[in-house]
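The values are calculated or read from the model by the stated rules, or taken from the named source; none is laboratory data. All of these numbers come straight from a predicted model, not from anything done at the bench. Cβ: placed from backbone, ideal geometry, glycine included. Neighbour counts: every protein chain shown. Side chains are part of the model used for accessible areas, which takes the heavy atoms of the whole protein and leaves out ligands, DNA and RNA. Shrake-Rupley method; radii C 1.70, N 1.55, O 1.52, S 1.80 Å.
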Amino acid sequence: MYLTVEPQAQEKLQRYLDEGKDLLLDFDDGVGSLSNVGTCTLASVFRVIAVDKDAEQKDYNKSLDSNIGAFRYKGYSEMYMDPQMKLVENPTNKMLSLRGSNSGELTGMVNVEDLSAKV
């Protein structure tokens with residue numbers, strides 16, 4: 001699998017890369033300590049999380065290559081991903097969107113959250 005981060009989306013993520021943080025492509029399904037939704041949810045959205053390099057990432061056991069570096073993710077969330085994906089900015093609302101080569105839009109509004117200690 002590969003994630004292409006379009007230039008406008010890359011601009012939104014660049015500061016986290018400049019600060020040396022790890023990026024997670026999180027399927028926010030209630031699993032793990034970084035989930036916003038708690039347990040047993042029907043939500044199925046992706047979000048990007050910036051964390052410190054030394055932050056606990058045991059739930060994020062796989063790595064996804066991209067044109068801006070690796071993203072860690074929960075291995076079981078692969079079933080919701082496509083072999084080729086794009087992170088793009090919607091020109092109308094400036095929100096990020098995750099799109100797959102086969103499935104189309106995977107998440108229409110991808111939130112970017114900084115959960116590092118150095119916010």
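The C-beta contact set for the stretch 1-30 (first residue within 21 Å of Lys94 (Cβ to Cβ) and in a loop (DSSP other than H, G, I, E, B), second residue open to solvent by less than 50 Å² (accessible area, probe 1.4 Å) and of a type outside the set (Lys, Arg), distance under 9 angstrom, 6+ apart or interchain) comprises Glu6/Leu87; Glu6/Val88; Glu6/Glu89.
Consider the stretch 31-64 and keep the residues that are under 18 Å from Leu98 (Cα atoms) and assigned to a loop (DSSP other than H, G, I, E, B). The one that is modelled with the lowest pLDDT is Ala43. Looking at this structure, is Asn93 open to solvent by 40 Å² or more (accessible area, probe 1.4 Å), modelled with pLDDT of 85 or more and within 23 Å of Gly20 (Cα to Cα)? In short, no. Among the residues of the stretch 1-16, the ones that are aromatic (Phe, Trp, Tyr) and surrounded by 15 or more Cβ atoms within 10 Å (Cβ to Cβ) come to 1 in all.
The set of residues from the stretch 74-88 being surrounded by 17 or more Cβ atoms within 10 Å (Cβ to Cβ) and either assigned to a loop (DSSP other than H, G, I, E, B) or at pLDDT 95 or above (or both) comprises Lys74, Met81, Asp82, Met85, Lys86, Leu87, Val88.
Among the residues of the stretch 60-92, those that are more than 11 Å from Leu24 (Cα to Cα) and in contact with an Asp or Glu (Cβ under 8 Å, 6 or more places away or on another chain) comprise Ser77, Lys86, Leu87, Val88, Glu89. Report, by residue number, each residue of the stretch 89-119 that is outside any loop (DSSP other than H, G, I, E, B) and basic (Lys, Arg). Of everything in the stretch 89-119, just one residue is outside any loop (DSSP other than H, G, I, E, B) and basic (Lys, Arg), namely Arg99.
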